[in-house]
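The values are calculated or read from the model by the stated rules, or taken from the named source; none is laboratory data. Not measured: the values here are computed from a predicted model. Cβ atoms come from the backbone with ideal geometry, glycine included; neighbour counts cover every protein chain shown. Quick note on the areas: whole protein, heavy atoms, side chains included, nothing else; ligands and nucleic acids left out. Shrake-Rupley method; radii C 1.70, N 1.55, O 1.52, S 1.80 Å.
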Amino acid sequence: MATLQGKHALVTGAGSGIGTAIARTLSTAGAAVSLVGRRARPLRDLAAGLGSATAIVADVTSEEQTQHMVAAAHEAHGPIDIVIANAGAAESAPFSKVDLAHWQRMIDVNLTGAFLTARAALPDLTRKAAGTAGRRIVFIASTAGLKGYRYVAPYCAAKHGLVGLARALAAELAPQGIAVNAVCPGFTDTPLLHASLDNIARTTGRSHTQAEADIKRLNPQGRFVRPEEVAETVLWLCTAGAQAITGQAISVSGGEV
Ligand code: NAP
């Protein structure tokens, strides 16, 4: 079994969905985990069921809060070795109805939030005593970072930006032994997806079940991706054997991309 014993992973958006699955998987592999989100309750509930885990309330769109977040994580478990920038949100609307506030919300949480998270943690990742292996940044992007979808232009633009950020940082940090990748899930069974399905049902007059069947057809495997499948990919990227994998955008989508 892959082991992350002695490693400290910071996971943003850990209170639900994909972030919770990643936190559980990295913790099971032996990492101490710092769990970040805006709501304390789900983070505390999760931390209570894991080994070495700390809940940290922070909004990743705030520069000040991301600095406090890293300081709190560092205080709890020492320097951070692994950053999983997963916090995100998806709002949909036809482009003609996208106002500047909608655009800004999507860029803020999905792109700027990941930038602020990575930058705040950088001094820990680049510390001299860290050795040459085992330091990672994983951005949870989306298949929307690799192809276009209707009615989510700001989300798609933000996730494409996130893939670009991963590629650029991978090039810049490779000499220091830090591997940086983007993981790109397809439609994954989480509260975010079910809120989108409710929205589709509301705006098209279809039932939630019909909307679900239509979205599942986009995945050649005819199903939703499970959060645990995304988490297993993240775990693999964090293992010693994946040290040479950097600057990649890895689709976890049943073959959709
Ligand atoms: P989710 O269940 O809604 O989880 C998103 C998490 O992010 C929540 O725990 C939320 O907690 C946190 N969050 C949101 N805004 C935040 C902020 N400003 N600061 C700190 N935390 C924040 O959604 P999910 O499906 O697991 O999504 C996780 C990531 O995967 C996102 O980046 C999403 O874009 C990506 N993704 C999802 C899918 C999918 O189909 N589900 C597909 C591709 C990519 P709080 O509300 O407590 O802050």
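What to note about this one:
- The chain: relative contact order as a whole-number percent, Cα under 8 Å and 6+ apart: 20
- Relative contact order (%) - criterion: Cα under 8 Å, at least six apart; region: region 1-125: 26
- Packing rank of 200-209, 108-117, where each peptide gets the mean count of other beta carbons within 10 Å, highest leading: 108-117, 200-209
- Calculated FRET value between A171 and D214, using beta carbons and R₀ = 51 Å, to 0.05: 0.85
- FRET efficiency, A101 to S207 (Cβ-Cβ, R0 30 Å, nearest 0.05): 0.50
- Paramagnetic label reach from H194 (point 7 Å along Cα→Cβ; backbone nitrogen cut-off under 17 Å): within region 216-239, residues 216, 224-228.
- Applied to region 182-192, the Karplus parametrisation 6.51 cos²θ - 1.76 cosθ + 1.60 on θ = phi - 60° returns per-residue 3J(HN,Hα) values of 10, 9, 10, x, x, 4, 10, 6, 9, x, 4 Hz, with x for Gly and Pro.
- A240 versus Y149: modelled label distance in nm, points set 7 Å from Cα along the beta carbon direction: 3.8
- Nearest-ten-degree value, helix 113-125 long axis tilted from longest Cα axis of the chain: 10
- D_trans [Stokes-Einstein, Kirkwood Rh over alpha-carbon pairs] for region 1-106, 20 °C, 1.002 mPa s, µm² s⁻¹: 149
- Convex hull of Cα atoms in the chain, direction-averaged projection (nm²): 13.2
- Dipole magnitude of the chain, debye to nearest 20 (Cβ charges: Lys/Arg +1, Asp/Glu -1, about Cα centre): 240
- Space enclosed by the convex hull of the alpha-carbon atoms of region 161-248, per residue, Å³: 108
- Packing-based ranking, highest mean first, of 78-89, 9-20 given that Cβ atoms within 10 Å are counted: 9-20, 78-89
- The alpha carbons of region 88-178 occupy a box of 51, 22, 16 Å along the principal axes, longest dimension given first.
- When H160, H77, H68 are compared by accessible area of protein heavy atoms, the largest-first order is H68, H160, H77, using a 1.4 Å probe.
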